[in-house]
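Asker: Let me give you the structure first, and then I'll get to my questions.
The values are calculated or read from the model by the stated rules, or taken from the named source; none is laboratory data. From a predicted model like this one, the values you see are computed outputs, not experimental measurements. Cβ placement follows ideal geometry from the backbone for every residue including glycine, while neighbour counts extend to all protein chains displayed.
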Amino acid sequence: MEALSVRSVSSPLSLLGTPKPKRFGVRFQQQDSRNRALARKILRNWKQEGSVDRNTCMDCVALIRTSIRKNLPNVAKEIFLEMKSEGFLLDDSSLSALMLCYAYNGLFLEAQAIWDEILNSSFLPNIQIISELIDAYSRMGEFDEVIRILHQMNLRDSTLLPEIYAVALSCFGKRGQLERMEDTLREMISKGFVVDSVTGNAFLIYYSIFGSLTEMETAYGRLKRCRILIEKEGIRAMSFAYIKRKKFYRLGEFLRDVGLGRRNAGNLLWNLLLLSYAANFKMKSLQREFLRMVESGFNPDLTTFNIRALAFSKMSLFWDLHLSIEHMKHEKVVPDLVTYGCIVDAYLDKRLGMNLDFALSKLNVHTSPQVSTDPFVFEVLGKGDFHSSSESFLEFQRRKNWTYKELITTYLKKKYRSNQIFWNY
């Protein structure tokens, strides 16, 4: 890269040298002196720590980026000026780093000045710098500046435009700016750029998080018309939107529309369908769809079994619960804390604690506890009392090598003490 011209360095930074009102002059001078002193100290330490190469700008970029993390934009400016005055070869990457330092610290006028200066030069920023600048603006809610960057890059007819549009869409989506996201997408399509699978699925995910169900379903319809396959992340996002609003029938319709026979999604679609029935304890439908899943050639996983186990436990269907455990053993699926909790809660709720040893005899209670069930199950069916209590023990107790046996023993003592307190009152 060519070294910066005097104009490209001095022009944007000259904005920082505008005269201050006299009554604030002393305070600003003191602050500038402190910043300059700190910059010189940082440079001195850097020189002492390693070799100094005045023909590279990488050290300057690294020092400025350190100032970004420490929220010291004015110190970054002083580092830049000090290194320039000492004869270091500084190019546009150093100036870009300073621009990002300003943007991430909310100094938008200074960042804009450097950005405009870069665009007026022959230097074209790479996609990483543009992405970081757009991200900095969107974090601060400066969405008009993101649109301004898009328009400026359009005027330059950059080959990076498709990537820049994708970054802008992502930033608008993450901040819930759905209308701006729509406008940007329309502009992108009008210029002949193709919406790929990543962008299309991201678009759908943002609507599932920030939009209404109708808007989300409209976005899904557009995805289908463009023959873009909805990926697992998109399926999960839409399903959570239905679950959050307790629209389990519509969830089932969506899953069937996606296609329960899809192999690239694993058991995700079937597990979500089973969950839609378990949510309302439609046990016959739950059993029917489980049999259909097995007949279709899908092997039930831990999440599949725990969805059924939770439903059986809450409905006190002991026989079905034991058959499900036997099936797990036959399929060589290792139970987790959720599975043990289903058995413990079912028996204790019906005051059958004396039979708990028999109920757990088919499971290995001497292994270390773990939770491997997909979290979306808890969004619908919640966590059982044993599961919640055990997680508290595991998190706050100093012991590291718990077993299921020890957790169950501790939980039974806790329940016994709470019952004693209840009857004493």
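Asker: Name every residue in region 294-309 that is in a loop (DSSP other than H, G, I, E, B) and either touching a residue at least 12 places away in the same chain (Cβ under 8 Å) or under 31 Å from the mean Cα position of the chain (by Cα) (or both), in order of residue number.
Answerer: If the condition is that a residue be in a loop (DSSP other than H, G, I, E, B) and either touching a residue at least 12 places away in the same chain (Cβ under 8 Å) or under 31 Å from the mean Cα position of the chain (by Cα) (or both), then Ser296, Phe298, Asn299, Pro300, Asp301 are the ones that fit.
Asker: Restricting to region 181-207, and then to whatever is in a helix (DSSP H, G or I), under 19 Å from Arg227 (Cα atoms) and of a type in the set (Val, Ile, Thr), can you tell me which residue is modelled with the highest pLDDT?
Answerer: The residue in question is Ile205.
Asker: Give Gly141, Gly192, Gly176 a once-over and let me know the one that is touching a Lys or Arg at 6+ places or on another chain (Cβ under 8 Å) and surrounded by fewer than 16 Cβ atoms within 10 Å (Cβ to Cβ).
Answerer: Answer to the selection: Gly141.
Asker: Can I ask one more? Farther than 28 Å from Phe240 by Cα and crowded, with 18+ Cβ neighbours inside 10 Å, is that true of Tyr411?
Answerer: Spelling it out, Tyr411 is indeed farther than 28 Å from Phe240 by Cα and crowded, with 18+ Cβ neighbours inside 10 Å.
Asker: Testing Leu286 on (1) out of contact with any Leu (no Cβ under 7 Å at 6 or more places or on another chain); (2) more than 17 Å from Thr373 (Cα to Cα); (3) free of Cβ contacts under 8 Å to residues at least 40 places away in the same chain, one condition comes back false. Which one is that?
Answerer: Of everything listed in (1) out of contact with any Leu (no Cβ under 7 Å at 6 or more places or on another chain); (2) more than 17 Å from Thr373 (Cα to Cα); (3) free of Cβ contacts under 8 Å to residues at least 40 places away in the same chain, Leu286 misses just condition (1).
Asker: Might you check whether a residue that is more than 23 Å from Ser94 (Cα to Cα) and modelled with pLDDT of 90 or more occurs anywhere in region 146-159?
Answerer: yes
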